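The values are calculated or read from the model by the stated rules, or taken from the named source; none is laboratory data. Since the model is a prediction, treat every value here as computed from it, not as a measurement. We place every Cβ from the backbone using ideal geometry, glycine too, and count neighbours over all the protein chains shown.
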Amino acid sequence: MEASTYLNFNGQCEEAFAFYAKTFRGEVVAQMRWAEMPGGQVPPGMEKKIMHAHLNAGTSSILGSDTPPANYSKPSGFGVALGVESNEEAERIFAALSDGGKVGMPMGETFFAHRFGMVTDRYGIPWMVVHGKN
């Protein structure tokens, strides 16, 4: 089994995925607009918005889309956990996600990690960045 994170946005998916590709040193490998959907009804005003995006970063995939405004709800009740290989990588990614976002727990050492921090980025997505001790 393989699990991937699927993020919903309120019109900022394309911008967010470009930011994540840069921040996570990954690549957006697929991006389809709502207007490209074959045979489907496109919600009004969504033609140029992203119906599906796919980002690969290392061995991880992040998927996402712009949700029609009537169906969008602010993310809550979860956090995307990013395991990284070094303190420097944890600090770099956390700083990027914090720019324009809101820090929930500052980056620092914990009993379980060399570096751990929690932040909600400028797009409203909650992240946990961890360089574990195991």
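Summary of values
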{"item": "Failed criterion for Thr59 (all others in (1) surrounded by 13 or more Cβ atoms within 10 Å (Cβ to Cβ); (2) not assigned by TED's automatic domain parsing to the domain that holds Val119 hold)", "result": "(1)"}
{"item": "One residue from Gly40, Gly26 being among the small types (Gly, Ala, Ser), more than 30 Å from Lys133 (Cα to Cα) and outside the structural domain of Asp121 (by TED's automatic domain parsing)", "result": "Gly40"}
{"item": "Residues satisfying the stated conditions in the stretch 1-35, i.e. out of contact with any strand residue (DSSP E or B) (no Cβ under 9 Å at 6 or more places or on another chain), among the aliphatic types (A, V, I, L, M) and closer than 25 Å to Ser76 by Cβ", "result": "Ala3"}
{"item": "Residue that is surrounded by the fewest Cβ atoms within 10 Å (Cβ to Cβ) [pool: residues in the stretch 7-35 that are part of a loop (DSSP other than H, G, I, E, B) and touching a Leu at 6+ places or on another chain (Cβ under 9 Å)]", "result": "Gly26"}
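Yes/no matrix, rows are residues, columns are (1) over 13 Å from the mean Cα position of the chain (by Cα); (2) surrounded by 19 or more Cβ atoms within 10 Å (Cβ to Cβ); (3) aromatic (Phe, Trp, Tyr):
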position	(1), (2), (3)
Asn71	yes, no, no
Ser76	yes, no, no
Glu88	yes, no, no
Glu91	yes, no, no
Val119	no, yes, no
Arg122	no, no, no
His131	yes, yes, no
